[in-house]
Every structure is written in structure tokens, then in C-alpha cells.
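Bear in mind these aren't lab numbers, they're just calculated from the coordinates by the rules spelled out. All values reported here derive from a predicted model rather than from experimental measurement. Neighbour counts run over all protein chains shown; Cβ positions are idealised from the backbone, glycine included.
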Amino acid sequence: MLHKNRLFTPGPTPLLPAAQTAMASFTAHHRTADFRALFQRVLADMKEFIGTKNDVLVLACSGTGVMEASVSNLTSPGDKVLVLTAGKFGERWTGLAKAFGCKVEVLSVPYGETFSLEEIRARVTSEVRAVFVQATESSTGARHDVEGIAKIVRAQGGASGSDTLLVVDAITGLGTTHLDVDGWGVDVIIGGSQKALMMPPGLAYCAVSERAWKWMDVTTSPRYYFDLRKERKSAAKGESAYTPATSLFAALGAALEFVRGMGKGDLAKGREELVNNAELCAEMTRAGAKALGLKLYASSPAAALTAICAPDGTDSSKIVKEFREAFDAVVANGQGEMKGQLFRIAHIGYYDYLDTIGILGALEHVLARVTDRSVAYGAAVRAAQEVYARAQSGKRQLVGA
């Protein structure tokens, strides 16, 4: 039987054909008027995609590069910071903050869980320079309450009468989660090209508030390539401080046009549609997994991906392997201590109804082959179909209202 490789991982994600074409055909030099026009258009469109009026920067690096930049630009050695961690990427915040000499206070909850706002409120004191958190913890499939956390942070005055800063890793959250960046008062929000923007890895981006820009003038942590002030100054002239990934910028421009098309010419509406698509595909997947008697791992599941516990007595590595060997479908295993315990199916970016139905149909066969449980073929697909039908029925009612 023909095998067609498909990615169901939380990054990299399936590539948008228009982005691939744009990337393959782009040859402009980065210090030319043609590239400046593309660069400026992309930065303006990125504000719409993120949903912010703050300055947006796009850097040639992975998301972790901009995570590091947010620490090095916003803190000085000895600053107290609060890290909210519930998985492997929360732990990355801890490592980054320690690397730059911060005094790190960690609020940790078990993998798959999310935070108590009351516990956060007790930790956010006037001494805390910044709070670091994920919007979506993609190692566990958990969604965190960014709005609730932001309200706590904004209510607390920081050192010298200034506000404590809130930095959100939304690398898998942007394009899969409804986020009011400016309304909630998020100071830095971070994304990556290989997620909802349907491109290869290689670009990371962030929106930065005026509060955060002011703090960069007094912080003393070392920075060079990741000096965000330098990038801001260059961006005002339509350039990047260093050599940009020119072909990836072309792909980014094409991806943003695709999202604009989803909104019938309105990029902000397109972003909402992209998020709604992820929410629906996630709901379908959760329903399908439950119909097969599987347990979801996250207590507050995200739309970016669904983390599913392996059946008792089954190593999830066997499930991941069977997906690949039987269907050439790539799903993600658990990370770190969760390896062998769960598998993760993503719903990010260029991913639709048929992808969802297909992976659930494959899941039925995979479970039948690697476990000793009886599988009712069609159970997962039927449950997902019912979710989809309800969603479409609701849309028709709204249209006729």
C-alpha cells in the first residue's frame, strides 16, 4: 500500500505548499529595496497575526533563541524571577534564567497539570523582576491560564515602582489559542515559524511591550546577537541587524497571506479562524481517544496538541513506531520521564478535518496491533464525526439567525 509521510507532531508541523514555493524561488539580497519591502510587510502583518500594537521582531533562530533573548535583555545577574513550570519547556525557562545569573524561584506542578492562581499570587511579590511561563506546555499538552496569570502580574508593582514583567512562551500557543496580548498586558510573547505558521524551523518572533523596552536600558546581562534593542533599531529601517534567513521570510510572507485568506482578506479574522480550526480538531481528537477508552494526559488540554496516555501495560514507543511503520505517520512520544507513557498528536497550522479523521482511523488499527484490547473499528472516527457535525450545525444556526 502507498505510504505518504505525514507529520502529526507539535513541531515541525505540515508545510504550507505556498510557503514552500515562495521559499524555493526567493533570491533577493537582504540589503536591497525588494527585501526591505518584504521585511517591512512581514513585520506589519506579524502584529496582526499576534494581535498586538507592540513592536514585533523576527530573528533567525529557534524559539529557544528568543526565550534566551527575553532573559538576557530583561534581567540582570541577581534579579529574582519566578518560573512557572509544568513540563520540559517550563524547565527550560529555569535553565535559561540560571544561566544568566538570576535568582530563580520555581513554582512547579506535576507534568500534565496546570497552576493554581492563588499559589501564583502568593509568589508574585514586588521583588520579582519577571514571570516566565508557557501558554501551552507542548511536552504534556496542557494549557495554562495566561489571562489569569497576567491579571496577577499586572496587579503587582515591581522594583523601583515599575511593573513586574510577564514573558510568555507561546511557541505552540500562537495560532492555536485565543490570546489578547495587549489587553492582558503580556510584555513579551514568543512564537516560532515551524508551528502554526506552517513553515520549516529557522525563524522565531516576539512582540515586546514598552515596559519591557524601558527595562532593557538598565539591565546588565550580556547580549550580542540577541540584543533586541539592536534589532529594533534595524527593523525601523526595514532591515535586520544581521543576515536574515531571506528565503524563510519569503515563506513567512506567503503563510501570512494564507491566514489572511482564511479571514477573507482580514488577517486578524484569519488568525481567529486558524485558532478555531485547531480547537475543533483538538476536540474531535479528544472525543475519538475517549471513545477508544483512552485517557487524556493533561488536566487542562490545549488545542495545539492532544497528549494521550498509553493503555496499561503498553509502551507508547510501540504505538509511535507502529504509526510510522504502518502508515508513515509521525506522532510524538512522551519526553523525559514521560517517554513510553504517552503519545502526542498535534493539531497545529496546516492541519484539517481530514487529517483528524485519518489519524483517528489509523489509531484504531495501531491499538489493535500493539495492544491486547478489543478495538471497535469506527468508534473513534464516529465520535469525532459527531463533534464536527455539532460544530457545523451551530455555524448554520448562527448564519440563519
Measuring from label point to label point, each 7 Å out along Cα→Cβ, what is the residue 53 to residue 210 span in nm? 0.9
Overall form of the range 1-87 per C-alpha gyration tensor (a/c, 1.5; a/b vs b/c): oblate
With +1 at each Lys and Arg Cβ and -1 at each Asp and Glu Cβ, the charge dipole magnitude of the chain around its Cα centre, to the nearest 20 debye, comes out at 380
If R0 = 35 Å, then residue 41 and residue 220, at their Cβ-Cβ distance, give a FRET efficiency to the nearest 0.05 of 0.50
Approximate spin-label separation residue 266-residue 31, in nm, with each point projected 7 Å along Cα-to-Cβ: 4.3
Antiparallel DSSP bridges in the chain: what percent, to the nearest 5? 55
Sorted by mean Cβ packing within 10 Å, highest first, what order do the peptides 336-343, 277-284 take? 277-284, 336-343
Residue 290 and residue 21 label points (each 7 Å along its Cα→Cβ direction) are spaced in nm at 4.1
Placing +1 on each Lys and Arg Cβ and -1 on each Asp and Glu Cβ in the range 114-188, then taking the dipole about the Cα centre, the residue among 117, 128, 177 whose Cα reaches farthest towards the positive end is 128
Applying the span-like rule to the chain (DSSP H, Cα extent along axis at least 15 Å, Kyte-Doolittle mean at least -0.5) gives 33-50, 63-74, 246-262, 267-291, 316-327, 353-370, 379-400
Using packing as a proxy for protection, rank 164-171, 313-320 so that the peptide with the highest average count of other Cβ atoms within 10 Å comes first. 164-171, 313-320
For residue 376 and residue 326, compute 0.36 nm times the residue count separating them, minus their Cα-Cα distance, and round to one decimal in nm. 16.1 nm
Counting only other residues whose beta carbon sits under 13 Å from that of residue 281, what net charge do I get with K and R as +1, D and E as -1? -4
Return the percentage of antiparallel bridges among DSSP beta bridges fully within the range 53-204, rounded to the nearest 5 %. 25
Net charge dipole size for the range 164-249 [Lys, Arg +1 and Asp, Glu -1 on Cβ; Debye, nearest 20]: 260
Per residue of the chain, what 222 nm ellipticity follows from adding -39500 (n - 2.57) for every DSSP H run with n ≥ 4, rounded to the nearest 500? -14500 deg cm²/dmol
Could you tell me what a quarter of the Cα convex hull surface of the chain works out to, in nm² with one decimal place? 20.5
For the range 1-144, compute the number of Lys pairs whose alpha carbons are separated by less than 22 Å, excluding pairs fewer than 8 positions apart on the same chain. 5
Measuring from centroid to centroid over Cα atoms, what is the spacing of the range 253-309 and the range 180-226 in Å? 23
Can you list the lysines whose alpha carbon is less than 19 Å from that of residue 395, not counting same-chain residues fewer than 8 positions off? 264, 269
Would you mind working out the magnitude of the charge dipole of the range 17-172 relative to its Cα centre, with +1 at each Lys and Arg C-beta and -1 at each Asp and Glu C-beta, to the nearest 20 Debye? 320
Work from the charge dipole of the chain (Cβ charges, +1 for Lys and Arg, -1 for Asp and Glu, about the Cα centre) and give the residue of 378, 392, 248 farthest towards its positive end. 248
Relative contact order of the chain, pairs being alpha-carbon contacts under 8 Å that are 6 or more residues apart, as %: 22
Please work out the Cα center distance from the range 28-55 to the range 89-167, rounded to the nearest Å. 30
